[in-house]
Ligand SMILES: C[S@@+](CC[C@H](N)C(=O)[O-])C[C@H]1O[C@@H](n2cnc3c(N)ncnc32)[C@H](O)[C@@H]1O
């Protein structure tokens, strides 16, 4: 699928949602991430930044929370929210999670809530997460997966990818991307099964570590 067409469709959806209230996630990752004072944490596909800001509070002023999102309107909304809350240890960046604009070993922890399913190349995303994590670092990520592969006509449709639907891969394929990126101690902490447009889905919350 053409990346530009896909990204335009994703931005079209989420620019409309940038002024809505509430989170758009499919899991509860923050407590599972067990952030400590002084840590640096990255939130991929941060949306309006609600969880990024919560993470910033947990790591305190000696730490840093960075939210990255493809949709400029989402990042703008997150920056405004940070200003209203007077949060000084948070940064928001417009970017693509398949090409992270950070040097290797920049973060202690990575989180992401219902965003990686939108990426065309999930293996690339997990390789990037591995690259920017410090040795010993961890991620907690929630994302939808399917029980069976989706039909090609759905996978080729950018509109359905933008709806947290067409980009979902099977659980096996998803976990393989994580393991092949080099992560160890990969663990499914939570699973919620549901039907979407007649297809069997599960929302997984996964934790894994970058070992030395
Ligand atoms: C379902 S929303 C989740 C937002 C937020 N994590 C939350 O829980 O409210 C998915 C977000 O992922 C972002 N996104 C989609 N593809 C992306 C990509 N390739 N790189 C970075 N962000 C992306 C979208 O712009 C959107 O804000």
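Scanning the stretch 82-111 for residues that are within 15 Å of the ligand (Cβ to nearest atom) and either surrounded by fewer than 13 Cβ atoms within 10 Å (Cβ to Cβ) or in a loop (DSSP other than H, G, I, E, B) (or both) gives 95, 96, 97, 98, 99, 100, 101, 102. Of everything listed in (1) in contact (Cβ under 8 Å) with a residue 24 or more places away in the chain; (2) surrounded by fewer than 21 Cβ atoms within 10 Å (Cβ to Cβ); (3) assigned to a helix (DSSP H, G or I), the single unmet condition for residue 56 is (2). The sole residue among 76, 9 that is touching a helix residue (DSSP H, G or I) at 6+ places or on another chain (Cβ under 6 Å), within 13 Å of the ligand (Cβ to nearest atom), outside any loop (DSSP other than H, G, I, E, B) and touching a residue at least 40 places away in the same chain (Cβ under 8 Å) is 9. The criterion of being within 25 Å of residue 124 (Cα to Cα), part of a loop (DSSP other than H, G, I, E, B) and either near the ligand (Cβ under 9 Å from one of its atoms) or in contact (Cβ under 8 Å) with a residue 40 or more places away in the chain (or both) does not hold for residue 67. Here's a check for you: in the stretch 172-210, which residue that is over 16 Å from the mean Cα position of the chain (by Cα) and part of a helix (DSSP H, G or I) is surrounded by the fewest Cβ atoms within 10 Å (Cβ to Cβ)? Top of the filtered list is 172.
Inspect all residues belonging to the stretch 112-119 and state whether any of them is surrounded by 15 or more Cβ atoms within 10 Å (Cβ to Cβ) and assigned to a strand (DSSP E or B). Yes; the residues of the stretch 112-119 include at least one that is surrounded by 15 or more Cβ atoms within 10 Å (Cβ to Cβ) and assigned to a strand (DSSP E or B).
Where a number appears in this text, it was derived from the coordinates with a stated rule and is not lab data. These numbers were taken from a predicted model, which means no experiment stands behind them. Please note: Cβ atoms are built from the backbone with ideal geometry, for glycine as well, and neighbour counts cover all protein chains shown.
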